[in-house]
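The structure appears right after this line, and notes come after that.
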Amino acid sequence: MSRGFVKEEDQEEAPFIPPRAALPNGVVNYVTPKGYDLLQLEKNELEEQKKNLDKVNETEYRRNSAVIDGKMKLLNDRLRSAKIIDLKQQPRDEVRFGAYVKFLLEDKTQNLQIVGVDEADLKQQKIAFIAPLARVLNGLKVGESSEFSLGNKTKKVQILAIKYAK
């Protein structure tokens, strides 16, 4: 049927589904145990939202349901591809995935944890393992240093302490 015979209000636009944090092709989706639990919690919350959608307005229901379904598909893809890293198995004397790192960047002491892409949150001092700084820190031991490029500047980063959550 020609679009000319369709009522304008029946021409729904596909809803926008926000993408998840970027994970480059071919990169393993490493997650901390806590990160995996957070993904499961997010799934439960989406399922609950879908159950509680208001069905009074059919158009709104379809749109909201489609958004939740789209988010759920992306989330399920992440859950299926997740590789949980047992932080107890990480080497205690070097920076690896899941490490809490205290380091000196130029003259400033900073703390962060290296986590999966879905768990990364700068406000909580968590960076993704694929972030440039995480890649520079990876494999370093206490007292060791490396160079870190920020834009057109190169800065020295030195490891002060490493620990892993229990």
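Could you tell me whether Asn52 is over 17 Å from the mean Cα position of the chain (by Cα) and either touching a residue at least 24 places away in the same chain (Cβ under 8 Å) or more than 17 Å from Phe129 (Cα to Cα) (or both)?
It is true that Asn52 is over 17 Å from the mean Cα position of the chain (by Cα) and either touching a residue at least 24 places away in the same chain (Cβ under 8 Å) or more than 17 Å from Phe129 (Cα to Cα) (or both).
Just for helices (runs of 4 or more DSSP H) wholly inside the stretch 20-139: which have at least 3 residues that are open to solvent by 60 Å² or more (accessible area, probe 1.4 Å)?
Filter on the stretch 20-139 gives 33-51, 58-81.
The values are calculated or read from the model by the stated rules, or taken from the named source; none is laboratory data. Please read these numbers as outputs of a predicted model, since none were measured by experiment. In this analysis, Cβ positions are derived from the backbone assuming ideal geometry, glycine residues included, and neighbour counts consider all displayed protein chains. Surface accessibility is based on the protein's heavy atoms, side chains included, excluding ligands, DNA and RNA. Shrake-Rupley method; radii C 1.70, N 1.55, O 1.52, S 1.80 Å.
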